[in-house]
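Q: Here you go, one structure.
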């Protein structure tokens, strides 16, 4: 199971990096003093989910370098944690279940001489992956399955989705979702409507794995909404268009060109919302959509800047000729304003590099070029018309621009 092994390897790398940070400052120091250091004393334990923090009094040993903790996190895997002589606590974690475990502590000198061992019992609380597993739910979704779960302690876990492989007949990973979020919700798509088994299990960065929840699901029919019937439906409160001389207009949103030009509003209007309206030419039960924003163009980098949307709302209407309405800047999903219903409030994901806008990396630019995908609630009604209402941009501009929009859903009545 290559994907599963890859996930566990990623967790292992994260753990290794964390461990390296603990060990900084004493790897390269050596000493000829072979005196055995005195052991730690006054040991106390504070348990938490999946681990414990052990506090102690350091020995009065001049050549002390660090404190070492050795412990098994399950029946087979032995781990070590280190804490420098600047600290009087050490963290042990990764335990498979909530139970009694023995941790052996050593004071270690600069000459790599260990003190006599001090053994202490810890009893970690239920680890995050086991806390999350009972909360997992699976529901049929467009083209696949929707997964939701809770991660009450906001610890790093992996939610692994498996399904039956047609070639081998085995249940193999089809998606992994790594997160520290408290509330987890995502969809796995790309399947036909035939019933199939889906499974979900939870893992963590130490290789612990929960049981697997299995459920037979019929995915909901989904297609890319054909763009050949899209048309502009301009309303009085729509934003004036800008850069029209360079080919920017609303119809560019569905020309299958993810680069410039696209839809662009005029600057200097002082409006809190930048709005465009169009018809999809069919009544659609939407499942998701994808937005492409400006990246590099004309020798300039617009990624996460300029008029690229940072936050926006999608409004929809099922009427044959919906009337204009003054849309609010702030509203809730499902709110109705005139002939229009709020289909969702959305935020553009931040740069994957973690850099501030204007410090674009190739990774950031690749994310912009790939487009950003968003789910529409299963409770959203069928709609024929769409209003895109941008309320903030990455450049804090009073105009907005988008190069392409694509929608998926069920066009059958």
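Q: Restricting to region 365-379, count the residues that are at negative phi and either in the same structural domain as residue 185 (by TED's automatic domain parsing) or in contact with a strand residue (DSSP E or B) (Cβ under 6 Å, 6 or more places away or on another chain) (or both).
A: The qualifying residues number 5.
Q: A further question on this structure: Within region 58-79, can you find the residues that are surrounded by 12 or more Cβ atoms within 10 Å (Cβ to Cβ) and either farther than 14 Å from residue 91 by Cα or assigned by TED's automatic domain parsing to the domain that holds residue 157 (or both)?
A: Scanning region 58-79 gives 58, 59, 61, 63, 64, 65, 74, 77.
Q: Same structure, new question: Take the residues in region 71-85 that are assigned to a loop (DSSP other than H, G, I, E, B) and in contact (Cβ under 8 Å) with a residue 60 or more places away in the chain; name whichever of them is farthest from residue 110 (Cα to Cα).
A: Only one residue fits best here, namely 74.
Q: Let me ask something else. Within region 189-214, how many residues turn out to be surrounded by fewer than 16 Cβ atoms within 10 Å (Cβ to Cβ), more than 24 Å from the chain's Cα centre (by Cα) and either not assigned by TED's automatic domain parsing to the domain that holds residue 153 or not in a loop (DSSP other than H, G, I, E, B) (or both)?
A: Number of matching residues: 1.
Q: Let me ask something else. Quick check on region 220-234: of everything there that is at pLDDT 95 or above and surrounded by 15 or more Cβ atoms within 10 Å (Cβ to Cβ), which residue is nearest to residue 134 (Cα to Cα)?
A: 225
Q: Pull out all pairs, ordered by first then second residue, where Cβ-Cβ is under 8 Å, the residues are six or more apart or on different chains, the first lies in region 246-275 and is under 14 Å from residue 389 (Cβ atoms), and the second is assigned to a helix (DSSP H, G or I).
A: Between residues of region 246-275 that are under 14 Å from residue 389 (Cβ atoms) and residues that are assigned to a helix (DSSP H, G or I), the close pairs are 263/250; 263/252; 263/253.
Q: Evaluate the following for residue 403: is it farther than 27 Å from residue 244 by Cα and either in contact (Cβ under 8 Å) with a residue 40 or more places away in the chain or over 23 Å from the mean Cα position of the chain (by Cα) (or both)?
A: It is false that residue 403 is farther than 27 Å from residue 244 by Cα and either in contact (Cβ under 8 Å) with a residue 40 or more places away in the chain or over 23 Å from the mean Cα position of the chain (by Cα) (or both).
Q: OK, next. Scan region 45-70 for residues that are touching a strand residue (DSSP E or B) at 6+ places or on another chain (Cβ under 8 Å), closer than 15 Å to residue 106 by Cα and without any contact (Cβ under 8 Å) to a residue 40 or more places away in the chain and jot them down.
A: Scanning region 45-70 gives 55, 57, 69, 70.
Q: Could you tell me whether residue 334 is farther than 24 Å from residue 236 by Cβ and either assigned to a loop (DSSP other than H, G, I, E, B) or at pLDDT 95 or above (or both)?
A: Answer is yes for this residue.
Q: Do you know which of the residues in region 87-111 that are under 22 Å from residue 41 (Cβ atoms), outside any strand (DSSP E or B) and in contact (Cβ under 8 Å) with a residue 40 or more places away in the chain is farthest from the chain's Cα centre (by Cα)?
A: Out of the qualifying residues, it is 111.
Q: I would also like to ask the following. For region 313-327, state whether one or more residues are in the same structural domain as residue 264 (by TED's automatic domain parsing), under 24 Å from the mean Cα position of the chain (by Cα) and not in a loop (DSSP other than H, G, I, E, B).
A: Yes - at least one qualifying residue is present in region 313-327.
The values are calculated or read from the model by the stated rules, or taken from the named source; none is laboratory data. Model, not experiment: these values are computed from the prediction. Cβ coordinates were reconstructed from backbone atoms using ideal geometry, including for glycine residues, and neighbour counts include every protein chain displayed.
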